[in-house]
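Down below is the structure, laid out as structure tokens.
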Amino acid sequence: MTAFSEASPRGAERGRRVRSVVILGGGTAGWMTATALARQFGGTLDITLLESEEIGTVGVGEATIPTIHWFNQLIGLDEAAFLRETKASFKLGIEFVDWVRPGHRYFHPFGTFGVQFPGVAFHHRWMKARAEGLDLPLSAFSLADELAQQGRFATPAGDARSILSTLGYAYHFDASLYARHLRGIAEAGGVTRIEGKLQDVERDGESGLVTALTTQRGERLEGDLFVDCSGFRALLIDGAMGGGFEDWSHWLPCDRAVAVPCARLDDTTPFTRSTARPAGWQWRIPLQHRIGNGHVFASRFMGEDEATAMLMANLDGEALAEPRALRFTAGTRRKAWIGNVVALGLSSGFLEPLESTSIHLIQSGIAKLLTLFPDRDMDPMLAERYNGLLNADMDNIKDFLILHYHANPGRTEPFWVERREMELPESLVAREEQYRRSGRLMLGGEELFRDASWLAVLNGQEIVAGDYNPLADVLDSATNIAQVRQVAEVIQRAAPTLPLHDAALAAAMAQG
Ligand code: FAD
């Protein structure tokens, strides 16, 4: 045998390759998956998507995080067309209002705090400066925060010497228009859309693999691989494959939302606002044509009528539709890939929308699926790896969300008192403890939320670091304070020179 034949992969026998994929569901998850597979496989994969207009979509996923750029590049999205067609706005981060106590505000910015000085991370330099008399809060070192407060926006610069390199950004968009936009791209790429309701799931008696979906109208959709994007119904991963669900509502008890759009204001604020309410929180997401609003609450502590009235009393403009109620349970499927079924989107689990992570989790699932794309024999090791990676993602995000609720020193309502006193996951206890003791952020290399995010929320929720990295002591106090202060001054000088959000958006949409 030659070295070449030993090295030639098994899958090169073309008969083993997956030839057809059937996607159940045409919400954000379904169309993101269809678009990505169509783009990546060109015409070599037969892709069919079954969805039911009568059942409809959740359609409220309107805020994203910066990882969305990765997905947009993957599918070759034209940013100007995307901004126009989805009525999008730019997002610099999330403003948390009243989370610590009524009247309090902090900002979780995209991008970084400060600049990268040689040596120790910037926040240790800031912590040392604070301990030695500097009177500037962490927020003074975020250009994104400053721009958000001034209603301005700029895209990040590649040049590390520019303060603009510290920025990050994402988008708010109309979820229904986004799904429509992606559908156009997917169908142009050869994806076949079937309108109809799922009737039955056929499985092979021996292997247990799904062989076909049938519709109520009698179509039979055969496939090698099935992607469950059927939303909370989870018709394939749970209904057919018995995937189970790990309930996290003891940590994240919000299980209801009421959503309503309202008229927009003159200027678009380039950030999501999250305002704490007595039994949850309210989102405000500005778009070009309206503002999306929703009240997320725990039904154990508040009824739907009261939650709806609270939402309607806290809108910036006239309501543009009837409020819409949604129900969910925070939690995950430890096995989002079973046999030849992969669940993406809400069918794989849901962590409430506090940090806009659902669309990220869809694209992260798509990336993992592409990396681990199986042959028709569905090697279980691929599924195992996929599930392990996804579980780590979910666990880390879960801890980050719990932190927001738990660290609330000044709220007095029973919902918040219970959150303050709840038992935390051990992983979060360890993180909080390390930060309190040493100012260290103990993050793994693969984690979604990085130093700046944890720092923003730990500091914003008033968890105080008791020390900083001793490496910062290499500099004398006066020099350190002067250098750190200078960064804030650069931010103060730069911000007013940058465009207002709506001007920046108009310029971006005019391109191409
Ligand atoms: P869905 O939108 O529910 O789509 C399910 C699809 O399956 C539909 O096309 C439906 O027709 C089809 N289907 C179901 N049953 C059948 C059947 N029997 N036959 C045929 N077709 C069927 N995410 C973010 O990233 N940012 C946010 O700001 C955000 N906010 C949210 C706020 C709330 C209150 C909620 C509940 C979610 C939020 N999300 C957010 C999550 C986001 O909405 C979802 O991740 C995203 O919409 C993907 O949903 P999906 O495609 O998995 O499911």
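The values are calculated or read from the model by the stated rules, or taken from the named source; none is laboratory data. This structure is a prediction, so every number in the text was calculated from the model and none was measured. Every residue, glycine as well, gets a Cβ built from its backbone with ideal geometry; the counts of neighbours run over all protein chains shown. Heavy atoms of the whole protein, side chains included, go into the accessibility calculation; ligands, DNA and RNA do not. Shrake-Rupley method; radii C 1.70, N 1.55, O 1.52, S 1.80 Å.
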- Message: Between region 420-471 and region 26-71, what is the separation of their alpha carbon centroids in Å?
- Response: 34 Å
- Message: With a cut-off of 8 Å between alpha carbons and a minimum separation of six or more residues, what is the relative contact order of the chain in percent?
- Response: 22 percent
- Message: Using the Cα centre of the chain as origin and beta-carbon charges of +1 (Lys, Arg) and -1 (Asp, Glu), tell me which of F232, A170, W283 is placed farthest towards the positive end of the dipole.
- Response: A170
- Message: Let me check against my output: what whole-number percent is the relative contact order of region 336-392, with C-alpha pairs under 8 Å and at least 6 apart?
- Response: 40 percent
- Query: Mind checking the dipole of the chain: about its Cα centre, +1 per Lys or Arg Cβ, -1 per Asp or Glu Cβ, Debye to the nearest 20?
  - Reply: 580 debye
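When a/c is below 1.5 the answer is rounded, else prolate if a/b is larger than b/c, else oblate, so apply that to region 398-512 with a ≥ b ≥ c taken from the square roots of the Cα gyration tensor eigenvalues.
Oblate, since a/c reaches 1.5 and b/c is not below a/b.
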- Message: Students sometimes get this wrong: rank S348, S249 by accessible area, probe 1.4 Å, all chains present, largest first.
- Response: S249, S348
- Compare H69, H295 by solvent-accessible area with a 1.4 Å probe and give them largest first, with all protein chains kept in place. H69, H295
- Query: What does the charge add up to near L424, with Lys and Arg as +1, Asp and Glu as -1, over the other residues with Cβ less than 9 Å from its Cβ?
  - Reply: -4
- Which net charge results for the neighbourhood of V22, defined as the other residues with beta-carbon distances under 14 angstrom from its beta-carbon, given Lys and Arg at +1 and Asp and Glu at -1? -3
- Taking square-rooted eigenvalues a ≥ b ≥ c of the alpha carbon gyration tensor, is region 297-440 rounded, prolate or oblate, where a/c under 1.5 means rounded and, failing that, a/b exceeding b/c means prolate? oblate
- Task: Could you grab the relative contact order for region 10-84? Cα pairs under 8 Å, six or more apart, rounded to a whole percent.
- Result: 33 percent
- Message: Set the bar at 30 Å for Cα to Cα. Now go through K368/K398; K87/K335; K197/K335; K91/K335; K128/K368 and name every pair that lies beyond it.
- Response: K87/K335; K91/K335; K128/K368
- Taking every C-alpha to C-alpha distance in the chain and binning by 10 Å from 0, the per-bin percentages run 4, 18, 27, 26, 17, 7, 2, 0
- Can you bin region 440-493 into rounded, prolate or oblate? Criterion: square roots of the alpha carbon gyration tensor eigenvalues sorted a ≥ b ≥ c, rounded for a/c under 1.5, prolate for a/b above b/c, oblate for the rest. prolate
- Query: Mind checking the angle between helix 380-406 and the chain's longest principal axis? C-alpha axes, 0 to 90 degrees, to the nearest 10.
  - Reply: 30 degrees
- Message: Let me cross-check R130: its accessible surface, 1.4 Å probe, with only protein heavy atoms counted, in Å² to the nearest 10?
- Response: 110 Å²
- Taking the chain and counting helices only, DSSP H stretches of n ≥ 4 at -39,500 (n - 2.57) each over all residues, the nearest-500 ellipticity at 222 nm comes to -10500 deg cm²/dmol
- Task: Pick out, in residue order, every one of the GluC sites (Glu not before Pro) in region 262-350 that is DSSP loop and has at most 10 other C-beta atoms within 10 Å; say none if there are none.
- Result: E318
- the chain - accessible surface per residue (Å², probe 1.4 Å): 41 Å²
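For region 403-512, what is the charge dipole size about the Cα centre, in debye to the nearest 20, if Lys and Arg each add +1 at the Cβ and Asp and Glu each add -1 at the Cβ?
280 debye
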- So, over other residues within a Cβ distance under 12 Å of E62, counting Lys, Arg +1 and Asp, Glu -1, the net charge is +3
- Task: Would you work out which of F373, W454, L389 lies farthest towards the positive end of the dipole of region 359-484? Charges go on Cβ: Lys and Arg +1, Asp and Glu -1.
- Result: W454
